[in-house]
Each structure stands twice: as C-alpha cells, then as structure tokens.
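Here the structure comes first, spelled out in structure tokens, and everything after it is commentary.
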Amino acid sequence: MPQEAVFSSGVDGMVDSKDLSRAGIGWVGRHLLDLEEKPPEAIQAILRTASCFKEDRDLEWSQILRGKVVCNLFFEDSTRTRTSFSLAARKLGANVVEFTSRGSSMSKGESFVDTARNLEALGADAVVVRHHTPGTPHLLTKHLRASVINAGDGAHEHPTQGLLDILTILEVKKRVDGLKVCLVGDISHSRVARSNIWGLKKLGAQVVVCGPKTLIPPQISHLGVQISHDLDEVIPECDVINILRIQFERQRTGLFPSIREYRHLFCVDARRMALAKPDVLILAPGPINRGVEISPEVADGPNSRILDQVTNGLVVRMAGLYLTMGQPRPTEGSP
Ligand code: NCD
C-alpha cells in the first residue's frame with residue numbers, strides 16, 4: 001500500500017517504486033540540510049526512495065553502504081531521531097559511530113569543528129548532526145568533505161522529520177496537493193514546523209499554523225501560511241492536524257499563562273475531535289506530553305498515526321543516507 005500511495009497519486013505517478021535507482025531521480029546535492037533549499041523534485045525523489053525501502057529486501061539493502069562510516073554527532077537529547085539514523089545506517093550496511101560530547105575531548109577545549117574534522121579523519125563519510133545552534137550543519141559543510149545531514153538545528157529545521165510526516169500523510173491520504181494541514185502549538189520554537197511548512201507548501205498543501213499569539217511569529221505568514229489563534233474555528237476544515245510540543249527548553253518564561261490555559265485552548269482532545277472531519281489524520285513528531293498538547297484518547301485513537309510516523313522515520317533516514325552518500329565525494333580543496 002505505501003509504495004502505491006507515493007507513486008500513483010501522491011508524488012508523481014511515473015516511476016516504478018521497485019526501482020531504487022530511478023526513485024532517486026530529481027535528487028540534488030550530497031547534503032540534507034533543510035527543505036527550504038530543496039526543490040520539489042528532490043523532495044519527491046527522497047519520498048519515493050523512502051517508499052522503496054519499505055520493501056522487504058533487507059539482504060539487498062544491506063550492501064548499499066558497505067564499508068562506509070556514518071557518524072551520529074548529537075548535542076541534544078533524542079530518542080527517535082538518533083535511534084532511527086543508527087538503524088538506517090546499519091540496515092544499509094554502514095558502520096556507525098555514536099559520538100556524545102560528554103566524555104569527549106570537547107571538555108578539554110576542543111572546538112566543535114575540530115571535533116568533527118577529527119571524526120572525518122577517522123573515516124566518517126557522513127555526519128548526522130543535531131545541535132542547539134541554528135546553522136550548525138551548514139557550518140560543517142564548509143569544513144568537511146563528508147556528507148552532512150541535519151537531524152535538527154535549534155529552532156531552524158528538522159528536514160527528515162518534515163519528510164517522514166509527509167510520507168505518513170501520503171500513505172494515509174494518497175496525496176498532499178490540495179490538503180489542508182494544521183500545525184498546532186509552539187510554532188516559534190519548532191524546527192519541525194519550519195520543515196513541514198517548506199515541504200508541504202512545495203508539494204501543494206495549504207498550511208495553517210495555530211497557537212497562542214506569543215508562540216507564532218507574525219513573519220511566518222511570508223512563507224504562505226494562514227495564521228489562526230482559534231483551534232475550534234480551524235479544526236473542521238483540516239485534513240491533517242500535526243500537534244507540536246511546547247518547546248519549554250527553548251522558551252523564555254511567560255509566553256502563556258499556564259499549562260492549564262494552554263490545554264483549555266489548544267489541547268487536541270475528544271471534544272475537539274468531535275468538531276473535526278471523521279477521517280482527520282492526527283500526527284505528532286514526539287515526544288508527546290499526554291494531557292498537554294494531546295489527550296491520551298486522541299494519541300492512541302483511530303485517527304492517530306503517531307507510531308507509523310516513527311516507523312516511517314527509519315525509511316526516510318535510509319533514503320537520506322543513500323541519496324547523500326551515493327553522490328561522488330569531492331576531491332580535497334573543492335567546494
Ligand atoms: C522533535 C525535535 O527534536 O525537534 N522531535 C523529534 O525529532 N522527533 C520535536 C520535539 O522535540 O518536540
């Protein structure tokens with residue numbers, strides 16, 4: 001089912017989903033830094049490739065990155081993203097190095113870039129980086145020859161999360177074009193929101209961002225999204241609701257009066273689900289805070305595909321590694 005969804009009506013109907021090399025036609029670049037920079041054809045190519053990896057051909061896939069080294073360079077906590085990048089690299093036959101700043105020579109004053117260059121000197125062909133500073137993956141591309149994949153840079157972008165959200169939408173709704181997708185919550189501090197907006201808009205969806213005034217930057221309308229502060233008003237029109245966590249770790253205090261008030265106005269619960277289309281698709285990137293942004297009965301209910309998103313994360317990350325590392329490496333000194 002998923003393959004057909006992406007290939008027949010979802011992305012572009014022309015490519016045989018079983019042909020991995022053709023699925024990637026349209027991909028550009030040897031890095032995956034953000035969805036803002038990727039043309040729609042590249043987004044379609046990575047979704048098709050991810051869909052291919054859903055096929056149970058593990059033996060074949062396990063040769064693709066044989067002998068390559070993928071380094072996970074995570075400076076922020078992670079459950080899903082880190083685990084799925086590791087598993088994705090292993091499934092493609094690569095060796096994986098798990099770097100954590102704690103216990104490394106960074107405590108002796110070594111810089112971030114020097115650390116990454118040393119890991120490259122040890123053979124890293126790709127670096128998957130998560131960092132609290134926006135632009136860190138872009139900085140690495142200036143200093144490394146390895147492919148760089150952004151696993152979340154501050155509040156900027158989280159491209160593989162955006163892609164796995166879109167893949168899940170395609171599987172359930174069979175299309176993205178013309179759908180109305182609402183991103184609810186802390187838009188200001190959410191890298192997931194930004195990657196969703198770029199990806200969804202490029203594939204023709206209508207995007208609404210909904211949350212308290214203090215958690216939505218007014219300039220976001222320049223990205224072509226509708227802004228709402230009233231969830232009850234927008235919910236009936238939505239085909240998809242993607243529920244974002246309040247990013248307390250990135251906020252200064254006082255952006256909304258209390259969790260109770262937030263829950264009252266923006267928690268997606270059974271009462272609000274009664275206002276929605278019966279087949280509305282409920283997504284959340286996780287981690288979810290049950291009873292804050294989403295009630296347990298909605299998180300575990302029939303409209304929720306939250307765990308399918310996690311499963312799709314694996315194939316999206318396989319596709320990201322395959323497409324970025326499949327390109328020839330530049331020689332020393334080239335840009
Ligand atoms: C997101 C992240 O880290 O940006 N989680 C994830 O990668 N699945 C969202 C979040 O932390 O709320």
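When only residues in segment 177-199 that are open to solvent by 10 Å² or more (accessible area, probe 1.4 Å) and farther than 19 Å from Lys38 by Cβ count, which is farthest from the ligand (Cβ to nearest atom)?
Within segment 177-199, the match that is farthest from the ligand (Cβ to nearest atom) is Gly178.
For segment 75-99, which positions are closer than 19 Å to Gly123 by Cβ and in contact with a strand residue (DSSP E or B) (Cβ under 7 Å, 6 or more places away or on another chain)?
Phe85, Ser86, Ala89, Arg90, Ala94, Asn95, Val96, Val97, Glu98, Phe99
Hey, which of the strands (runs of 3 or more DSSP E) in segment 142-236, taking only ones fully inside, have at least 2 residues that are over 30 Å from Asp114 (Cβ atoms)? Step through it out loud before you land on a result.
Numbers: elements: 147-153, 180-184, 206-210, 226-228.
Because the criterion is at least 2 residues that are over 30 Å from Asp114 (Cβ atoms), the strands (runs of 3 or more DSSP E) in segment 142-236 that meet it are 180-184, 206-210, 226-228.
What is the number of the single condition among (1) away from the ligand (no atom under 12 Å from the Cβ); (2) more than 17 Å from Phe85 (Cα to Cα) that Asn289 does not meet?
(1)
So Thr79 fits all but one of (1) among the β-branched types (Val, Ile, Thr); (2) away from the ligand (no atom under 16 Å from the Cβ); (3) open to solvent by 40 Å² or more (accessible area, probe 1.4 Å); what number is the exception?
Going through (1) among the β-branched types (Val, Ile, Thr); (2) away from the ligand (no atom under 16 Å from the Cβ); (3) open to solvent by 40 Å² or more (accessible area, probe 1.4 Å) one by one, Thr79 breaks only (2).
Can you find a residue that is within 16 Å of the ligand (Cβ to nearest atom) and crowded, with 21+ Cβ neighbours inside 10 Å anywhere in segment 221-233?
Taking segment 221-233 as the starting set, the residues that turn out to be within 16 Å of the ligand (Cβ to nearest atom) are none.
No: segment 221-233 contains no residue that is within 16 Å of the ligand (Cβ to nearest atom) and crowded, with 21+ Cβ neighbours inside 10 Å.
It is to be established whether one or more residues within segment 245-268 are modelled with pLDDT of 95 or more, part of a strand (DSSP E or B), more than 12 Å from the ligand (Cβ to nearest atom) and touching a helix residue (DSSP H, G or I) at 6+ places or on another chain (Cβ under 9 Å).
Yes, segment 245-268 contains at least one residue that is modelled with pLDDT of 95 or more, part of a strand (DSSP E or B), more than 12 Å from the ligand (Cβ to nearest atom) and touching a helix residue (DSSP H, G or I) at 6+ places or on another chain (Cβ under 9 Å).
Being more than 12 Å from the ligand (Cβ to nearest atom) and open to solvent by less than 10 Å² (accessible area, probe 1.4 Å) is the filter; apply it to segment 145-162 and report the residue that is nearest to Leu200 (Cα to Cα).
Keep residues of segment 145-162 that are more than 12 Å from the ligand (Cβ to nearest atom), which gives 145-149.
Next, only the ones that are open to solvent by less than 10 Å² (accessible area, probe 1.4 Å) stay: 146-149.
On the way: Ala146: 28, Ser147: 25, Val148: 23, Ile149: 20 Å.
Here the residue is Ile149.
Tell me yes or no: at least one residue of segment 273-282 is within 16 Å of the ligand (Cβ to nearest atom), touching a residue at least 60 places away in the same chain (Cβ under 8 Å) and of a type in the set (Val, Ile, Thr).
no
Filter segment 65-76 down to the residues that are away from the ligand (no atom under 16 Å from the Cβ) and touching a helix residue (DSSP H, G or I) at 6+ places or on another chain (Cβ under 7 Å), then identify the one that is most open to solvent (accessible area, probe 1.4 Å).
Lys68
Among the candidates Lys108, Lys142, single out the residue that is open to solvent by 10 Å² or more (accessible area, probe 1.4 Å) and modelled with pLDDT of 95 or more.
Of Lys108, Lys142, the one residue that is open to solvent by 10 Å² or more (accessible area, probe 1.4 Å) and modelled with pLDDT of 95 or more is Lys142.
Take the residues in segment 278-323 that are open to solvent by less than 60 Å² (accessible area, probe 1.4 Å) and of a type in the set (S, T, N, Q); name whichever of them is nearest to Val128 (Cα to Cα).
Checking each candidate, the answer is Asn312.
Quick one: in segment 119-139, which of the residues that are of a type in the set (Gly, Ala, Ser) and away from the ligand (no atom under 16 Å from the Cβ) is surrounded by the fewest Cβ atoms within 10 Å (Cβ to Cβ)?
Filtering segment 119-139 for residues that are of a type in the set (Gly, Ala, Ser) and away from the ligand (no atom under 16 Å from the Cβ), the one surrounded by the fewest Cβ atoms within 10 Å (Cβ to Cβ) comes out as Ala121.
Among Ser21, Ser17, Ser62, which is open to solvent by 40 Å² or more (accessible area, probe 1.4 Å) and modelled with pLDDT under 95?
That would be Ser21, the only listed residue that is open to solvent by 40 Å² or more (accessible area, probe 1.4 Å) and modelled with pLDDT under 95.
Working carefully through the options Lys142, Lys174, find the one that is over 25 Å from Phe248 (Cα atoms) and either within 12 Å of the ligand (Cβ to nearest atom) or in the same structural domain as Arg102 (by TED's automatic domain parsing) (or both).
Exactly one of Lys142, Lys174 is over 25 Å from Phe248 (Cα atoms) and either within 12 Å of the ligand (Cβ to nearest atom) or in the same structural domain as Arg102 (by TED's automatic domain parsing) (or both), namely Lys142.
The values are calculated or read from the model by the stated rules, or taken from the named source; none is laboratory data. What you are looking at is a predicted structure, and each value in this text was computed from that prediction instead of being measured. Backbone-built Cβ (ideal geometry, glycine too); neighbour counts: all protein chains shown. Heavy atoms of the whole protein, side chains included, go into the accessibility calculation; ligands, DNA and RNA do not. Shrake-Rupley method; radii C 1.70, N 1.55, O 1.52, S 1.80 Å.
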